[in-house]
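So the structure is just underneath, and the comments pick up after that.
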Amino acid sequence: MNKNLQEGVELATALNEALKNKTVHCDIVIGTPFIHLASVVNSIDTNKIGVAAQNCADKESGAYTGEVSAAMIASTGAKYVILGHSERRAYYHDTPEILKEKVKLALANSLTPIFCIGEVLEEREANKHFDVVKSQIEESLFDLSAEDFSKIVLAYEPVWAIGTGKTATADQAQEIHAFIRKTLAEKYGQDVADNTSILYGGSCNAGNAKELFSNPDVDGGLIGGASLGVDKFMPIIEAF
């Protein structure tokens, strides 16, 4: 929840400008607050920069005051939606069941879900991180057909590495990303697993991006604070 509408459009257009005449080797998607979506889509080159909402409702439409549906998001021209972010799970009680509905509605409206998973510090210290991540995937996504699952992007967020002073090493990131891919292969086959993008989302910045992205199973980053300024965000894009 950063930046008012004018500041948000300004940031998006500055990023758009910085990417002009640059060859990039990754997809770039910016996740804006709902009220920015339509304005941002209209002010950037959406062939170069994708636009994501940060959430959507688990209902199609109706008397749900204050909610924003997947269809509304799609109507702005945004192509992605972030679902299951650790903050949504922790503060707004997005349960696996609710997330399952959100994923279905996102896919029904041709949005690509960027689906977040990850454990908190207590779970990591109790050595439960593999179980936690596996159950988060199974409970919300494993009802999907292989065809639908192949439209999902996963983002692993070690919640304990966000704003705690603790950071996941590149080795820790690779270890759990490889585990996630193995879990997908067991359910959907190696081909689907190999073609699923698994992003890393724990304090990724200009200083550690290259090392993180050099891991075979780390396909990109879900960037938080470091995306709020073009000067900090561009080196992460260039790390590819």
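Readers should treat all values here as calculations from the given coordinates under stated rules, not as data from a laboratory. Please read these numbers as outputs of a predicted model, since none were measured by experiment. Don't worry about glycine lacking a Cβ; one is built from the backbone with ideal geometry, like all the others, and counts go over all protein chains shown.
Report the rotationally averaged projected area of the range 123-177 based on its alpha-carbon convex hull, in square nanometres.
Quarter of the Cα hull surface area: 4.5 nm².
Return the whole-Å distance between the Cα centroid of the range 216-239 and the Cα centroid of the range 45-106.
Cα centres, the range 216-239 to the range 45-106: 22 Å.
Given N residues in the range 88-240, what is Rg(Cα) / (2.2 N^0.38 Å)?
For the range 88-240, the normalised Cα radius of gyration comes out at 1.02.
When the Karplus curve 6.51 cos²θ - 1.76 cosθ + 1.60 is applied with θ = phi - 60°, which whole-Hz ³J(HN,Hα) does each residue of the range 118-132 get, with x for Gly and Pro?
So the J values, rounded to whole Hz, are x, 9, 8, 4, 4, 5, 5, 5, 8, 6, 9, 4, 5, 5, 4.
Output the pairs from K20/K59; K104/K128; K59/K210 with a Cα-Cα distance over 30 Å in this structure; if there are none, say none. Don't jump to the answer; show the numbers that get you there.
Working: K20/K59 39 Å; K104/K128 28 Å; K59/K210 39 Å.
The pairs that break the limit, which is 30 Å between Cα atoms, are K20/K59; K59/K210.
Taking just the alpha-carbon atoms of the range 1-115, what radius of gyration and Dmax come out, in angstrom?
According to the Cα coordinates of the range 1-115, Rg and Dmax are 14.5, 46 Å.
Could you tell me the distance between the Cα centroids of the range 185-205 and the range 4-29, to the nearest Å?
So the separation of the two Cα centres works out to 25 Å.
What is the dipole size for the range 131-197, taken about its Cα centre, with +1 at each Lys and Arg Cβ and -1 at each Asp and Glu Cβ, in debye to the nearest 20?
On the way: 6 positive and 12 negative charges, 45 e Å.
Dipole of the range 131-197, to the nearest 20 debye: 220 debye.
Taking H as built 1.01 Å from N, whose amide H comes closer than 5 Å to the amide H of V51, not counting residues under 5 places away?
Amide H to amide H, under 5 Å and 5 or more residues apart or across chains, V51 pairs with I30, K79, Y80.
Suppose R0 equals 41 Å; then what is the FRET efficiency for T65 and T23 from their Cβ-Cβ distance, rounded to the nearest 0.05?
Result of the calculation: an efficiency of 0.35.
For A18, what charge total do you get from the other residues with a beta carbon under 11 Å from its beta carbon, if Lys and Arg give +1 and Asp and Glu give -1?
Summing Lys and Arg as +1 and Asp and Glu as -1 gives 0.
Check S69: other-chain or 5+ apart residues with amide H under 5 Å from its amide H, H built from backbone geometry?
A57
Taking only DSSP H segments of four or more residues, each worth -39500 (n - 2.57), what value at 222 nm results for the chain once the sum is divided by all its residues, to the nearest 500 deg cm²/dmol?
Helix-only estimate at 222 nm: -12500 deg cm²/dmol.
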